[in-house]
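The values are calculated or read from the model by the stated rules, or taken from the named source; none is laboratory data. This is a predicted model, so every value here is computed, not measured. We place every Cβ from the backbone using ideal geometry, glycine too, and count neighbours over all the protein chains shown.
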Amino acid sequence: ARSSLKVLVTGAAGQIGYAIVPMIARGVMLGPDQPVILHLLDIEPAAEALNGVKMELIDAAFPLLKGVIATTDPIEACMGVNIAVMVGGFPRKEGMERKDVMSKNVSIYKAQASALEKHAAEDCKVLVIANPANTNALILKEFAPSIPEKNITCLTRLDHNRALGQISESLDVQVSDVKNVIIWGNHSSTQYPDVNHATVQTSSGEKPVRELVSDDKWLNAEFITTVQQRGAAVIKARKLSSALSAASAACDHIRDWVLGTPEGTWVSMGVYSDGSYGIQPGLVYSFPVTCEKGKWSIVQGLKIDDFSRAKMDATAKELVEEKSLAYSCLN
Ligand code: NDP
């Protein structure tokens, strides 16, 4: 039998946590043949709720689930984990300054970085979801220098999937026939959803989205803002932030990273920039990537027009500002 993989979920008593743990336990994240042990971490005020989640996981009798640890101790939570899904973070409350939220999250991610660095399995793969996701991932990287930088990523797959969904709705085609959209940059409203290389599988072969959607105005304006503002639209409708789609996207992110992307398909991931596409190294920035044998690589050689260039630079600029705000919180 295959040995179990240990998956850490932080903030596991929260909404995304509640949506993602059954997905992981059903094999949605790591495949239907891969047994898992869940390590659930939350903070002391959420300890009782966390224990309730553990009870439900036991009650669901998932065949792949070989164990559940529910704890408020970061060291116990990080011990030997192969995958770390960082959902826990300090939410921005009304009236709070950006700097105050940043400062809370910097201290959370600094502490969790040290626990992962000391106690996680070698080659642990990390996915940061809690906002500001890109910058939290950067802080984690800074304070876990022995974790290879390629192993620290943040989630922009939800934005990517939202872009696929909008194209599919607008053209009335199956979402599974749409591919190769790109989310560039920050998981924030400055992100740039780019359809210039996206295609749709039709009965007469693969066609560029730009050819099928005749309305350039829609693609260059409304499509982009709809994807950028989708999180806010879900909050308005549900009175809660998106959780099932975020959890599902997180499973997609890890699954593709570990098991590989299909031939000819790329996905978006927030990764440590190597300078590709003129994005300065030292930022966690969302790029188009393909994955093979547990490693991602940035898709190279895509043509970037002036419209895209300006939007890619604007979201990079926001990340530079977030980075300096985060560093100012360290002192
Ligand atoms: P959620 O489970 O709804 O969200 C968790 C985090 O994911 C938030 O930071 C949220 O950012 C972020 N996020 C990123 N992308 C998305 C997206 N597309 N849609 C929705 N959320 C997204 O929050 P809950 O408040 O329900 O749960 C948080 C848990 O974290 C709680 O159990 C709490 O106890 C724990 N926590 C842990 C802390 C720690 O580790 N020290 C500190 C504080 C809380 P955003 O806020 O911008 O929506």
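Is there a residue in the stretch 63-75 that is within 15 Å of the ligand (Cβ to nearest atom), part of a loop (DSSP other than H, G, I, E, B) and modelled with pLDDT of 95 or more? Yes, the stretch 63-75 contains a residue that is within 15 Å of the ligand (Cβ to nearest atom), part of a loop (DSSP other than H, G, I, E, B) and modelled with pLDDT of 95 or more. Of the helices (runs of 4 or more DSSP H) entirely within the stretch 202-267, those holding at least 1 residues that are among the small types (G, A, S) occupy 230-238, 244-259. In the set D159, D123, only one residue is touching a residue at least 24 places away in the same chain (Cβ under 8 Å), of a type in the set (D, E, K, R), within 24 Å of I20 (Cα to Cα) and not in a helix (DSSP H, G or I); that residue is D123.
With respect to the conditions (1) surrounded by 14 or more Cβ atoms within 10 Å (Cβ to Cβ); (2) among the aliphatic types (A, V, I, L, M); (3) away from the ligand (no atom under 15 Å from the Cβ); (4) not in a helix (DSSP H, G or I), L57 falls short on a single one, namely (4).
Comparison of H187, H197 shows that the only residue that is touching a Gly at 6+ places or on another chain (Cβ under 7 Å), touching a residue at least 40 places away in the same chain (Cβ under 8 Å) and not in a strand (DSSP E or B) is H187. Starting from residues that are more than 14 Å from the ligand (Cβ to nearest atom) and within 18 Å of V128 (Cβ to Cβ), keep the ones in the stretch 7-34 and report whichever is nearest to the chain's Cα centre (by Cα). Top of the filtered list is M29. In the stretch 190-215, how many are exposed (fewer than 14 other Cβ atoms within 10 Å of the Cβ) and either β-branched (V, I, T) or within 17 Å of K303 (Cβ to Cβ) (or both)? Total meeting the criteria: 2. Which of the residues that make up the stretch 1-15 are at pLDDT 95 or above, part of a loop (DSSP other than H, G, I, E, B) and surrounded by fewer than 20 Cβ atoms within 10 Å (Cβ to Cβ)? Answer for the stretch 1-15, where residues must be at pLDDT 95 or above, part of a loop (DSSP other than H, G, I, E, B) and surrounded by fewer than 20 Cβ atoms within 10 Å (Cβ to Cβ): S3, S4. Give all pairs with beta carbons closer than 9 Å in which a residue from the stretch 290-318 that is part of a helix (DSSP H, G or I) meets a residue that is of a type in the set (D, E); count only pairs at least 6 apart in sequence or on separate chains. Close Cβ pairs satisfying both conditions: S308/D194; K311/D194; M312/D194.
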